[in-house]
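The values are calculated or read from the model by the stated rules, or taken from the named source; none is laboratory data. It should be emphasised that the depicted structure is a prediction, and the values quoted were computed from it without experimental measurement. Counting neighbours? That spans all protein chains shown, and the Cβs are built from the backbone with ideal geometry, glycine included.
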């Protein structure tokens, strides 16, 4: 579905960044809300069969979003985004880190800096993530984490979820 | 026992060890300071990493230093595709949520 919506994903090893760019068939204020309100993030942020569960959300400069990625077997991976700069409906930046349930950062896991931009392109909204790491090993550690969690995901379950949401 | 790089990174402690020794060669004692576990437990993880040919060992005086075998990590390229799939999956869910939100407004 949505083959008409452009999706770019690229990793740049020279400057330790990943760029994720995607178009969405909705007006910018709506897309912005989906990225910045926890009750909406909880509905889409975790790739199925994982579920995102917000513990606390304070979307402002200096605030943070603390949430758990909950797995089908009761696994919990805590993560936090500390928001740095916010320009309403245009851009936000922050630091993404692995934490414990209290939001204390795990220094052995990689941290990434996020720069998320929202722009209009005709009828669609373009969202561009620039994810930067301090060094390559952090990038690779993150890819490994994503790999492990991605591997267990049953993509076939997605259709079911989408059908449920549509009702 | 046959081991591969995928087994090596299945464990979060080993992933963390990989992150640490990617930057500099370290002794098991220095590594153990980063984890809530014994030197013996760290050594066991290092042995598994060595069996996967992910680490190089170097004797310096009485100490053995461990460093990441960077070329072996090239297999990470395969994982990038998995990471991309996570984002695709996530965005499909967002497409649908946006649709639901738009319909609700009407």
Problem - Residue satisfying all of: in the range A:73-88; surrounded by fewer than 17 Cβ atoms within 10 Å (Cβ to Cβ) and more than 18 Å from residue A:58 (Cβ to Cβ); modelled with the highest pLDDT among these - result: A:76
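Tell me, please, whether a residue that is in a strand (DSSP E or B) and either away from chain B (no Cβ under 11 Å) or touching a helix residue (DSSP H, G or I) at 6+ places or on another chain (Cβ under 7 Å) (or both) can be found in the range A:29-46.
Checked the range A:29-46: no residue is in a strand (DSSP E or B) and either away from chain B (no Cβ under 11 Å) or touching a helix residue (DSSP H, G or I) at 6+ places or on another chain (Cβ under 7 Å) (or both).
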Handout entry: Output for the range B:35-64, where each listed residue is assigned to a strand (DSSP E or B) and either away from chain A (no Cβ under 14 Å) or loosely packed, with under 14 Cβ neighbours inside 10 Å (or both)
Key = B:56, B:57, B:58, B:59, B:60, B:63, B:64
Practice task
Considering only the range B:15-34, state which residues are more than 8 Å from chain A (Cβ to nearest Cβ) and either modelled with pLDDT under 80 or part of a loop (DSSP other than H, G, I, E, B) (or both).
Solution key: B:24, B:25, B:27, B:33
